[in-house]
Amino acid sequence: MIVRGSCMVAKDREFDPQVIATTLMGCVQNTLEEMYKLKLSQDPEFEEKEIIEYASRMQTFGLEKFNGPCYVSAINFYLSPRHLEEHDPVGAIVIYIREDLAVRFLKALGFEDADEEDEEIILDCCGELANIITGQFKNELTSLGYKDLTISAPIKAKNDIPGGVEFNYNEYKLYELTFYLWKEKTMVISITMAPVEHL
């Protein structure tokens, strides 16, 4: 296992990487508060972390996010459909939802099929939520003048993504955002993104 970051090389970037985290935070807050009338208990927390890589994949460590079980969805960003076919991502987003709050959270978002007795349905709902958040984030980046990115279908799992998640191997950092609902740590989102062309 490799903690990436010990040999980071300075390079020019097309944007301040914190634009990514700030834009994502705004998209999630708008989704929860404006679309679904869910009020966050406190401002989201923001943290920069080193990517932990194994076998050329970013590891997820879902059990560490809440000190207990969670549902995980991951989506990759690509510069074009060709890059998707070649498994050459520009970035990745991973969304963790605490298991014991998942059904309450999903039902509050309108996923009425969410059922504590059916894990597959919960995973499908988490994947759909990941699609919503990622799509809005992608559209927001495009509206800011960045290249329109291609996104993958969500990978869904319990606790951790088996084998890890594809990521841009030139990147060493990820940004982690933590969201609180009902005064509980409910959702954690990690994102890593390589420079994206500003048009």
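Any idea what the relative contact order of the chain is, in percent, if you count C-alpha pairs under 8 Å spaced at least 6 apart? Before the final figure, lay out each step's value.
Values: 392 pairs, mean separation 69.0, N = 199.
RCO, the chain: 35 percent.
How about the range 110-199: which trypsin sites (Lys or Arg not before Pro) there lie in a loop by DSSP and see at most 11 other Cβ atoms within 10 Å? Before the final figure, lay out the partial values.
On the way: sites: Lys138, Lys147, Lys156, Lys158, Lys173, Lys183, Lys185; in loops: Lys147, Lys183.
For trypsin sites (Lys or Arg not before Pro) across the range 110-199 that sit outside H, G, I, E and B with at most 11 neighbouring Cβ atoms in 10 Å, the list reads Lys183.
Simple rule: put +1 on each Lys or Arg Cβ and -1 on each Asp or Glu Cβ in the range 63-113, find the dipole, and look at Ile95, Leu109, Cys70; the Cα lying farthest toward the positive end is Leu109.
If I build a Gaussian network model for the chain, linking alpha-carbon pairs within less than 10 angstrom, which residue out of Val19, Val103, Val72 has the largest mean-square fluctuation? Looking only at Val19, Val103, Val72, the largest GNM fluctuation is found for Val19.
In the chain, helical runs assigned H by DSSP with n ≥ 4 each contribute -39500 (n - 2.57); averaged across all residues and rounded to the nearest 500, the mean residue ellipticity at 222 nm is -9000 deg cm²/dmol. Please list, or write none, the lysines whose alpha carbon is within less than 18 Å of the alpha carbon of Lys138, excluding same-chain residues fewer than 8 places away. Filter leaves Lys147.
Of all the stretches in the chain, which is the longest one without any exposed loop site, taking GluC sites (Glu not before Pro) in a DSSP loop (any state but H, G, I, E, B) with at most 16 other Cβ atoms within 10 Å? The segment 118-196 is the longest one with no such site. With θ taken as phi - 60° and the coefficients 6.51, -1.76 and 1.60, list the Karplus ³J(HN,Hα) couplings across the range 127-144 in order, rounded to whole Hz; mark glycine and proline as x. Calculated HN-Hα couplings, in order: x, 5, 4, 4, 4, 4, 5, 5, x, 5, 5, 4, 5, 5, 4, 4, 5, 7 Hz. Under a Gaussian network description of the chain, with springs only between Cα atoms under 10 Å, the residue in Pro162, Pro154, Pro44 that fluctuates furthest is Pro162.
Summing Cβ point charges (Lys, Arg +1; Asp, Glu -1) relative to the Cα centre of the chain gives a dipole of roughly 460 debye.
Modelled spin-label separation between Tyr54 and Ser41, with each label point placed 7 Å from Cα along the Cα-to-Cβ direction: 3.1 nm.
FYI, it's all coordinate maths here, none of it is from the lab. The shown structure was predicted, so the numbers you read here are calculated from the model rather than taken from an experiment. Heads up, the Cβs are rebuilt from the backbone with ideal geometry, glycines too, and the neighbour counts pull from every protein chain shown.
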